Structure formats: C-alpha cells, structure tokens
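Presented below is the structure to which this report refers.
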Amino acid sequence: MAKTSDAISVACVEDDVRIRRTLAMTLDRASDCLCVGQYGSGEEAVAALPSLQPRVIIMDVNLPGMNGIECVRQLVAKGVKSHILMLTVHKDSDAIFDALAAGAVGYLVKPVPAEQLLAAVRDVYGGGAPMTSSIARKLVQVFRDRTPASPPAGDLTPREQEILTFLSQGFMYKEIAAELNTSYATVRTHIEHIYEKLHVNSRSLAVAKFMNR
C-alpha cells in the first residue's frame, strides 16, 4: 500500500515471531503507518532504536532476558523520544505501574484486534494515552495505593492545571492547542513542565496524580 509522506514510523519489540510478523503486517497495510524495525529481544531494541528513533514503539512486556519494562527504562535513558505502547497478556498492577513509570504512555492487553492496534498507534502519536478500560481502572487504583501524599495545587500554574484538566478528559495535544488558541509546541512545553513538577514521565501518570490530588 502506498504510504503518505507523514506516515507514522513504528518499531515492534516482540519475541514471538508470529505475533511480531502480524504486527508488522498490520502496520504496513495501513496507509498512515510504517513498520521500520522488528526486534525479538530487549537487547536488540536497545542497540538499534536510539539511532532509529521511530515515532512509536510497540513493546511486549514479557521479553526473554531483558524484559520490556527494563527495555523502556534503558531506551529513555539513551534519549529515545518515541511514544511507547506496551502490549501484554497480563493485567498485573505492578507491571502496569512500572511500565508507565518507566516512560511508556499506553498499555494494551493481548489479543488486540488490528483496528484497535492501529487506533492506539494513532492515538499515542497524537498525544493520547491508549489503554483498555480494565487497565485504566487498575492504574488509578494502584496509583492511589502507592501515593501517600499529593502535590499542592499551588505547584501548578493555572494554565498547567487547565491543560491537565483537558488531558484528563481525553483531549489530544492538538485539540488542547486549539481550545487554548496556542501552538502545539507551547502545549508540549507546558506538559514537560507538568511532568517535572509532578515527578512523572507519562501522560497517564500525570493525569492519575492530578485526579488523585
């Protein structure tokens, strides 16, 4: 299928060859997505992805050797700016929290239908935090259980609180920019400041912490 010039570049990190090939085929069949790399282990991904810098990474949690969560940590430490979407068969609360705390921004449970996967890739690239409803509920609960105190509202500027409210309602970065009559880049800068103040590195954790506050 012919690709548009702005097709979303995606890398897949999955040890199951059959699933990995299926993911790549699903991406390549979409006009707006392109699989640019397939890796069967976290070690391979850490070696290749810092230079490749795909826009999105689909990461299996249960990889042999280095697991997916540790792989995310190492990729973030190496300066990878990709939006990372976790894919797993498990709904373990600790794994969910650890993956998002490491830097992942979405979490889906296998099996994922092709259209749902493509929608998640588009969503995460657009600034969303896709995850199945059961995972979202677990995230909010585990965050409440793990967080003894919340930051005071005064730590966030009124504009930052406004942006967090939009994020909690599911708005994408571009939609927030339109609502606030500002640029996409300005919204991203505000969100970076929010992450620093809340001591998080993903949209999901920022929203959960804000809601818990």
### Query
Among the aspartates and glutamates, which fall within straight-line cross-link reach of Lys81, defined as a Cα-Cα distance under 14 Å, with same-chain neighbours fewer than 8 residues apart omitted?
Glu192
### Apportionment of accessible area to carbon and sulfur, region 1-133, percent (1.4 Å)
52 percent
### Task
Let me know the shape class of region 57-137, please: from the alpha-carbon gyration tensor, a ≥ b ≥ c as square roots of the eigenvalues, rounded when a/c is under 1.5, otherwise prolate if a/b is greater than b/c, or oblate.
oblate
### Task
Only residues of region 115-131 count here: report those whose backbone N is under 12 Å from the spot 7 Å along Cα→Cβ of Asp6, or say none.
126
### Query
Cα centroids of region 5-28 and region 89-117: how far apart, whole angstrom?
16 Å
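The values are calculated or read from the model by the stated rules, or taken from the named source; none is laboratory data. Bear in mind the structure is a predicted one, so any value in this text is a computation, not a measurement. Here Cβ is always computed from backbone atoms with ideal geometry, including for glycine, and neighbour counts include all displayed protein chains. Areas reflect the complete protein model, heavy atoms only, side chains present, ligands, DNA and RNA absent. Shrake-Rupley method; radii C 1.70, N 1.55, O 1.52, S 1.80 Å.
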